[in-house]
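Enquirer: Supplied in structure tokens, the structure appears directly below.
We did not get these values from a lab; they are worked out from the coordinates using the rules stated. Computed from a predicted structure; not experimentally measured. Here Cβ is always computed from backbone atoms with ideal geometry, including for glycine, and neighbour counts include all displayed protein chains.
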């Protein structure tokens, strides 16, 4: 009986890991992209207040750099394996 239960449980473990990994990747994307968008809006607002609007290219490059930095910093924390 124990072998049958162990085999049944072992079948669903990879499926659970795939769901967990997908959720972790979504969490990493949210943790990197949302703050980058907020910072870009804030930087653009301050630039408009001080002198004038920044170009779209400048805002996009800044947002991508912030998102990549946050993804590199957050990836080891969010994607670590929890058994």
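Enquirer: Restricting to the stretch 60-83, what's the tally of residues that are surrounded by fewer than 11 Cβ atoms within 10 Å (Cβ to Cβ) and not in a helix (DSSP H, G or I)?
Expert: Summing the residues that are surrounded by fewer than 11 Cβ atoms within 10 Å (Cβ to Cβ) and not in a helix (DSSP H, G or I) in the stretch 60-83 gives 4.
Enquirer: Among what's in the stretch 34-59 and is touching a helix residue (DSSP H, G or I) at 6+ places or on another chain (Cβ under 8 Å) and more than 30 Å from residue 18 (Cα to Cα), pick the residue that is surrounded by the most Cβ atoms within 10 Å (Cβ to Cβ).
Expert: Among residues in the stretch 34-59 that are touching a helix residue (DSSP H, G or I) at 6+ places or on another chain (Cβ under 8 Å) and more than 30 Å from residue 18 (Cα to Cα), the one surrounded by the most Cβ atoms within 10 Å (Cβ to Cβ) is 40.
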